[in-house]
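Student: My structure is below; once you've seen it, I'll send some questions.
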Amino acid sequence: MRFWQKTYIFTLILFLVCLNCGIMSLAVYTYRQNVEATEATVTAEQYYIARSFERDYIDLTNSGGNTSPTLLMQSYGSHYKDKGIFFAFEKDGKTLYSNFTQSCSVNDNTLVHKKLDGKRYVFISSGLCDGEYRFVFAKNVERLDEEFYSLMLVYSLTALAVSAFLAVCLFFILKRLSVPLDKLRDATRRIEGGDFSVTVEEKGKDEFSLLAKSFNSMLHKINEQVTALETDSEKKQMLVDNMAHELRTPLTSIQGYAEYLEKAAVTEENRILAAKYIISESARLKKISDILLDTAYIRGNTVETSPVCVSALLNDTVERLNTKAQKCGVTLLTASDDSVVDGDATLLSMLFCNLTDNAIKACRDGGIVELCCTDKTVTVKDNGKGMTPEQLSHITEPFYRTDRSRSRAEGGAGLGLALCKQIVASHNAFISFESRFGEGTEITVSFTS
Amino acid sequence: MAKILIVEDEKSINNLIKLNLELVGHTCLQAFDGNTAQEIFKNGKFDLVILDVMLPGVSGFDLITDLKDIPAIFVTAKGGLEDRLRGLRAGADDYIVKPFEILELVARVDAVIRRTKAVSNSFEFDDIRVDFDCKRVYKGGEEVLLKPKEYDLLEALIRNRNLALTREKLLNIVWDFAYEGDSRTVDVHIQKLRKKLSLEDRLKTVYKTGYRLEV
């Protein structure tokens, strides 16, 4: 059973019990009041009639008429009978007069309720004329019961009407109040089905809206996590695809040309071509495996550091790459202060060579590559072709190339910047890239020690 | 034979495919990126396209939609089941995963061409004509009677002409995998072929490798 249904049933039962108890006790109280009032009236009437009878009897006796009290009683009896009042008149236990249909005995001065012929009477008796006679008085109080029953009828009808009204109102109110819960449940069902784009309405300030709010924020968190996981796995898949491509391409060439040499009747020219391809593709494989091993080694081992003079490193880099730069028509410039950083000279040299090599490749004929060092911060700046923000966001991913065919032709493996990133990380340094398409690129490496 | 367009950005592999397909008698055109390939699609006519998936410019999956009736074979490093299915669903007639063997490439190209092109199903060299449909061999206009295995051997050598086939490979192709005969069987049949068709100059023994039909 649903929560709102439970609430509905229990509230309704509780209300009905309270209402009916209240009405019942009210009815009983009213009835008691009525009974007491009636009893008081009866006592008063009996007293009044008894005194008036005594007075009449004395008057009659004094006037000298030998009037039997029974006759007087008879006239009284017929007079009061229409008003629902009955008498009995006794002397020494013998009934002198009675208009009761049946006899009944009552103690003196006590109110007694009795039923005669299915009708309700209040009896009271008392002595009369100094105890000479006994006077029994009874009054029809049927009215009391009738009033009680009609009262009960009115009360019951009212209670029924109120209950019905309440039942209907309560039903709709509770159903309406439980709507946010239903919405929440729908949302959880949709999430169960894998739809994480759901949001729950946050209306008002009650507990449900608070719940909806925290539910939404939870959902938001989950969404973020799921997206992050998806991006992560996509990246990994990309890496695997790229890796497969990079390794299989040279392997295919090597295997293919070797087979070709073995199986075909080759001309001298084609034999040399095949051998050349086998050699160059093996070199490419070697380069990839070297870089991968270097990266793995740097990641797996702590770098042994010693103070290294940056300006010497930069000059060394320029010396190494000058020939290549001149071939491409690129000028290399250095400007360095005497910063000294803690690091592995071989790795740092590898880092600067890679960055400078990339810069040279990006330049056209007549380009300029500047290597600067100020206060433990090295910048490599070129005025080459630059990169788009989209390209910039991928450049440190392994096997990513901004220009695939050209990079391959130049023997690049697409791993240079991934290696650089690893070297920088192992030195607790930071690397940042800034580039404008068509204007050039600036790479900044900041050392902390 | 067939005219084939090779679309592969890796120069070494492009040349490799070209060299091998030319050995077995096909003519080849080369494209090194997607855009050039699209240009060639518009102008040229060919019987088959060999496509790499990861191409600069336009990817292989996009290129294949431009080819309507021309059969295509994907040659790619992506060897996962998902990728194969995607390639075949995109409309490729076959899917070869790198690295591949030359004989496999030749056989698959041959199969696709045979399936899609109404070529004259015969091969002629010198005064010899081999009719693949009727499995008959004529020399100087006269039919030469060959035993079934001898004919199968000749067909295998022709289909992989100019390529050396090892005795094991020939056993695999002509006899079948289950055959437990030794490689001497191959030598005996080769001798008979040479004799019946006087192929001493064409059907060469390749040192330490096997046999090659040089045409």
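No lab work stands behind these numbers, since they all come straight from the coordinates. Given the structure is predicted, the values throughout are model-derived calculations rather than measurements. So basically every Cβ, Gly included, is an ideal-geometry build from the backbone, and we count neighbours across all protein chains shown.
Student: Fully extended, how many nm does the chain gain between residue A:225 and residue A:203 (0.36 nm per residue separation, minus their Cα-Cα distance)?
Tutor: Values: separation 22, 0.36 × 22 = 7.92 nm, distance 2.66 nm.
Stretched fully, the residue A:225-residue A:203 segment lengthens by 5.3 nm.
Student: With all distinct Cα pairs included, what does the Kirkwood hydrodynamic radius of the protein assembly as shown come out to in Å, to one decimal, could you say?
Tutor: After inverting the mean inverse Cα-Cα distance, the result is 37.0 Å.
Student: Among DSSP bridges having both ends in region B:1-158, what percentage is antiparallel? Round to the nearest 5.
Tutor: On the way: 11 of 27 bridges.
The answer is about 40 percent antiparallel.
Student: Turning to a different aspect of this structure: Using the structure shown, select from B:11/B:117; B:18/B:78; A:91/A:119; A:235/A:287; A:94/A:114; A:236/A:421 the pairs with a Cα to Cα distance greater than 19 angstrom.
Tutor: B:11/B:117; B:18/B:78; A:91/A:119; A:235/A:287; A:94/A:114
Student: Let me ask something else about it. So what are the radius of gyration and Dmax for the Cα set of region A:264-328, in Å?
Tutor: Rg then Dmax for region A:264-328, in Å: 19.5, 60.
Student: Follow-up question, since we're still on this one. Using only alpha-carbon positions, what ratio does the radius of gyration of region B:140-215 give when scaled by 2.2 N^0.38 Å?
Tutor: Scaled against compact globular proteins, the figure is 1.04.
Student: May I pose another question? Rounded if a/c is under 1.5, else prolate if a/b is larger than b/c, else oblate: which is region A:138-256, with a ≥ b ≥ c the root eigenvalues of its Cα gyration tensor?
Tutor: Verdict is prolate for region A:138-256.
Student: Helix B:34-43 sits at what angle to the longest principal axis of chain B, using alpha carbons and giving 0 to 90 degrees rounded to 10?
Tutor: Around 70 degrees separate the two axes.
Student: So how strong a dipole does region A:221-267 carry about its Cα centre when Lys and Arg Cβ are +1 and Asp and Glu Cβ are -1, to the nearest 20 debye?
Tutor: 60
Student: Please list, in chain and number order, the residues 5+ apart from residue A:91 or on another chain whose amide H is under 5 Å from its amide H, with Hs placed from the backbone.
Tutor: Residues meeting the amide H criterion: A:96, A:134.
Student: Give me the net charge of residue A:226's neighbourhood, meaning all other residues with Cβ under 12 Å from the Cβ of residue A:226; Lys, Arg count +1, Asp, Glu -1.
Tutor: That works out to -3.
Student: How many percent of Cα pairs in region B:1-145 exceed 29 Å?
Tutor: 21
Student: Something else now. Which ³J(HN,Hα) values, rounded to whole Hz and listed in residue order, are derived for region A:441-449 from phi using the Karplus coefficients 6.51, -1.76 and 1.60 in 6.51 cos²θ - 1.76 cosθ + 1.60 with θ = phi - 60°, glycine and proline given as x?
Tutor: Karplus values, whole Hz, x for Gly and Pro: 10, 10, 10, 10, 10, 10, 8, 9, 9.
Student: Right, something else. Assuming R0 = 41 Å, what is the FRET efficiency of residue A:214 and residue A:234, from their Cβ-Cβ distance, to the nearest 0.05?
Tutor: That gives a FRET efficiency of 0.85.
Student: Here's another thing I want to ask about it. Based on other C-beta atoms within 10 Å, arrange A:139, A:276 from fewest to most. Mind showing how you got there, number by number?
Tutor: On the way: A:139 22, A:276 12.
Taking fewest neighbouring Cβ atoms as first place, the list is A:276, A:139.
Student: Sticking with this one: Ratio to report: Rg/Rh of region A:293-416, with Cα atoms as the point set and Rh obtained by the Kirkwood method; give two decimals. If you can, show how the numbers build up before the last one.
Tutor: Numbers: Rg = 15.1 Å, Rh = 15.6 Å.
Rounded to two decimals, Rg/Rh equals 0.97.
Student: Which net charge results when you count Lys and Arg as +1 and Asp and Glu as -1 among the other residues whose beta-carbon is under 11 Å from that of residue A:121?
Tutor: Result for the local shell: +3.
Student: Which net charge results for the neighbourhood of residue A:318, defined as the other residues with beta-carbon distances under 13 angstrom from its beta-carbon, given Lys and Arg at +1 and Asp and Glu at -1?
Tutor: Result for the local shell: -2.
Student: Now for a different question. Where the centroid of each part is defined by its Cα atoms, how far is region A:372-393 from region B:4-63 in Å?
Tutor: 37
Student: Residue farthest toward the positive end of the dipole of the protein assembly as shown, with Cβ of Lys/Arg at +1 and Asp/Glu at -1: which of A:136, A:85, B:160?
Tutor: B:160
Student: While we're on this one: Of the options B:148, B:185, A:11, report the single residue whose Cα projects farthest towards the positive end of the charge dipole of the protein assembly as shown (beta-carbon charges: Lys, Arg +1; Asp, Glu -1).
Tutor: The listed residue farthest towards the positive side: B:148.
Student: With unit charges on the beta carbons (Lys and Arg positive, Asp and Glu negative) and the dipole taken about the Cα centre of the protein assembly as shown, which residue among A:52, A:38, A:151 sits farthest to the positive side?
Tutor: Among A:52, A:38, A:151, the one farthest towards the positive end of the dipole of the protein assembly as shown is A:151.
Student: Follow-up. Report the charge-dipole magnitude of region A:63-202 in Debye, nearest 20, computed about the Cα centre from +1 at each Lys and Arg Cβ and -1 at each Asp and Glu Cβ.
Tutor: 240
Student: Suppose every Lys and Arg Cβ carries +1 and every Asp and Glu Cβ carries -1, with no other charges. What dipole size does chain A come out with about its Cα centre, to the nearest 20 debye?
Tutor: The dipole magnitude comes to about 1140 debye.
Student: Starting from the amide H of residue B:136, placed 1.01 Å from N in the peptide plane, find each other amide H under 5 Å away whose residue is 5 or more places distant or on another chain.
Tutor: B:131
Student: Using the Karplus curve 6.51 cos²θ - 1.76 cosθ + 1.60 with θ = phi - 60°, what ³J(HN,Hα) values do you get for each residue of region A:379-384, in whole Hz, with x for Gly and Pro?
Tutor: 10, 10, 10, 10, 10, x
Student: Another question about this same structure. Which of A:424, A:266, A:240 ends up with the largest GNM mean-square fluctuation for chain A, with Cα atoms connected below 10 Å?
Tutor: Answer for the Gaussian network model of chain A: A:266.
Student: Name the long-range amide H neighbours of residue B:72: under 5 Å, sequence gap of 5 or more, or other chain; modelled H, no Pro or chain starts.
Tutor: Here B:49, B:93, B:94 satisfy the definition.
Student: Among A:19, A:321, what is the fewest-to-most ranking by other Cβ atoms within 10 Å?
Tutor: So the residues, fewest neighbours to most, are A:19, A:321.
Student: Rank the residues B:47, B:127 as a footprinting-exposure proxy: fewest other Cβ atoms within 10 Å of their Cβ go first. Show your work: numbers first, answer last.
Tutor: Working: B:47 19, B:127 12.
If I rank by nearby Cβ atoms, fewest first, I get B:127, B:47.
Student: Apply the Karplus parameterisation 6.51 cos²θ - 1.76 cosθ + 1.60, with θ equal to phi minus 60°, to every residue of region A:386-391 and state each ³J(HN,Hα) to the nearest whole Hz, in sequence, with x for glycine and proline.
Tutor: In residue order, the calculated couplings are x, 9, 7, x, 4, 5 Hz.
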